[in-house]
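So the structure is just underneath, and the comments pick up after that.
The values are calculated or read from the model by the stated rules, or taken from the named source; none is laboratory data. Note that this is a predicted model, so its numbers are computed, not measured. For neighbour counting, all protein chains shown are included, and Cβ atoms are generated from backbone atoms with ideal geometry for every residue, glycine included. With ligands, DNA and RNA removed, areas are computed over all heavy atoms of the protein, side chains included. Shrake-Rupley method; radii C 1.70, N 1.55, O 1.52, S 1.80 Å.
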Amino acid sequence: MTKRIFRSIGLVAVAVFAASLILILGALYEYFSAGQMQRLATETALAARAVETEGRSYLESVKDADCRLTWIAADGFVLFDNRADEAAMENHLEREEIRQALETGEGQSQRLSSTLMEQQLYCARRLSDGTVLRLSANQLSWWSLLVAMAQPICIVAVLAIVLSLLLASRLSHRIMAPLNELDLDDPDRTPPYEELRPLMARLSAQQNQLKSQEALLEHRKNEFETAVSHLSEGLILLGETGTVLSINPAAARILGVTRACEGKDLLLFCNTPDLRDLLHGAMAGRHTERVMTVRDRSYQINASPVFTNGKVSGLSLMIFDITEREKNELTRREFSANVSHELKTPLQSISGCAELLEGGMVEPQDVPRFAGRIYDEARRLMNLIEDIIRLSHLDEGSSDPFEKTDLFEIASRMVQELTPQAEKAGVTLSLTGEQSPMTGVPRLLSGIVYNLVENAIKYNKPEGSVTISVVPEGQSVVLRVADTGVGIPPEDRDRIFERFYRVDKSRSKEVGGTGLGLSIVKHAAAIHRAGIRVESTPGVGSVFTVTFPQEVRE
């Protein structure tokens, strides 16, 4: 911009100087031409007086004069010429200056001389005898004037050009200085030039619009980052070359990388065959899924291509932790297999006994024993089915409302209910503690106490004991069930709450256990936000401690 202004001002200054020079030279040319004609007229008047006095002898005496002298008769014939042969010269009666002199006494003209072939100035004067004396001189030309003025013109031209360039440079910088100092961050300020006011107003409007859009984008970005950072699933956005554009904390934690990987190729940090195949498939424009194992956990990665104008411009990767789902699926399959096995065993026993009775292969005195066996297996089957139904309900979540209750009273009822079973097994039951109010589901709390006490009776020793304690401790209520039974080996303690898991399978079948009691306890305790601790010594006994919060929010 500065250069353009400088060139424009410089060219204008040079053009003005050239035009001025032409006008000045034209004026000078006219001035010098008029002065030359005035001198020629004066010389003509002097020469005419001399010819009047001396006649032809004067003309002969000035034959070598600088100007041309021509004496012409009244009829137009040339009587004398100091530059040409008068006998060979044509009649001059039609010459403009001759005609004017004959008519008025004086005449002047300028033209190209047909005799000398030069631009000439002519001045003629009529003499007393009627003849005409004419003087002529070469007219000053443009070129001669320019050569004569060459030195001053060159000096003035150099000074004018230098001064023009200096002024153009200074003026262009002065014009541009306010523009360069414009505060575009505050376009509402008064502009240095009135012509810039519409521009600054438009800039102000655009800046306000940009600020509004920037604030909106920042707000949406913060919302997106907040939402993404709190996702439990991993989210990674990749560019078309596989560079990481964005990665949320969950994805960084899963892949074991940091946010420093942003702007770099993802495969530099996690280069596994499964991930490579996943990215190559997605880059080809296909939705791709893979299951990967990272640090003993299973993750499903979904890669979706992002299209722009029909071409893949990036990828979005979603990472889901499916460890629990796979564990649940495995548990479901194991549960189905265990249920099938547990149901098949009593059914086979019932079917076998019924078949023997139907075929008359049982002695009459043995019929009650076989009927009793069928009854026991059927009862075991019913207990198993009831426990399965109860556990299924717990898996779906309890629909019973929480209410104010007393765990000590619940434990007291369960002890009374199980006392006949304990007496039959030769086990002594005792309950200690005090009133322990809390919020909970009475039905589930009864199930917890019942299953723990029943297991303590079933897996106890003859003449053993079971001690139940319910006491409030701070903001909690603690239930302890201690027995003097067979105990649990250390290697089995982490698995006793699994469905159908039995420490001593032969003893479980003898006492009629289904293998679901402790699973029911675990699920019911989880609904009450309770913690379970197990302490056991093989051959000495076990202590189950369940700690309930007094207040539970549903």
Suppose every K and R has +1 on its Cβ and every D and E has -1 on its Cβ; what is the size of the dipole of segment 44-92 about the Cα centre, in Debye to the nearest 20? 140
Set Lys and Arg Cβ to +1 and Asp and Glu Cβ to -1, take the dipole of segment 212-342 about its Cα centre, and tell me which of LEU267, VAL291, SER246 lies farthest positive. LEU267
In Å², rounded to a whole number, the accessible area per residue of segment 226-276 with probe 1.4 Å is 51
Given the pairs LYS327/LYS458; LYS221/LYS264; LYS327/LYS404; LYS264/LYS311; LYS424/LYS522; LYS404/LYS522, which are separated by over 32 angstrom at their Cα positions? LYS327/LYS404
With an 8 Å Cα cut-off and a minimum separation of 6 or more residues, compute the relative contact order for segment 226-270 in percent. 34
Calculate, for segment 36-80, the solvent-accessible area per residue in square angstrom, rolling a 1.4 angstrom probe over the heavy atoms of the protein chains. 55
Solvent-accessible ranking of ASP277, ASP492, ASP366, ASP129, largest area first, probe 1.4 Å: ASP129, ASP277, ASP366, ASP492
Could I have the simple spin-label model distance between ARG111 and ILE175, label points 7 Å from Cα toward Cβ, reported in nm to one decimal? 5.3
Computed FRET efficiency, Cβ-Cβ of LEU165 and LYS63, R0 45 Å: what is it to the nearest 0.05? 0.20
Give me, ordered by chain and number, the residues 5 or more places off GLY314 or on other chains with an amide H under 5 Å from its own placed amide H. VAL306
Whole number please: convex hull volume per residue, Cα atoms of segment 1-79, in Å³. 123
Between VAL362 and VAL306, with labels modelled 7 Å along Cα→Cβ, what's the label distance in nm to one decimal, could you check? 7.4
Label-point separation, SER232 to ARG297 (7 Å along Cα→Cβ), nm: 1.1
Run through every distinct alpha carbon pair of segment 26-121 and return the Kirkwood hydrodynamic radius in angstroms, one decimal place. 14.4
Only four residue types carry charge here, +1 at the Cβ of Lys and Arg and -1 at the Cβ of Asp and Glu. Report the dipole size of segment 39-123 about the Cα centre in Debye, rounded to the nearest 20. 160
Segment 1-75 - charge dipole about Cα centre, Lys and Arg +1 at Cβ, Asp and Glu -1, debye rounded to 20: 860
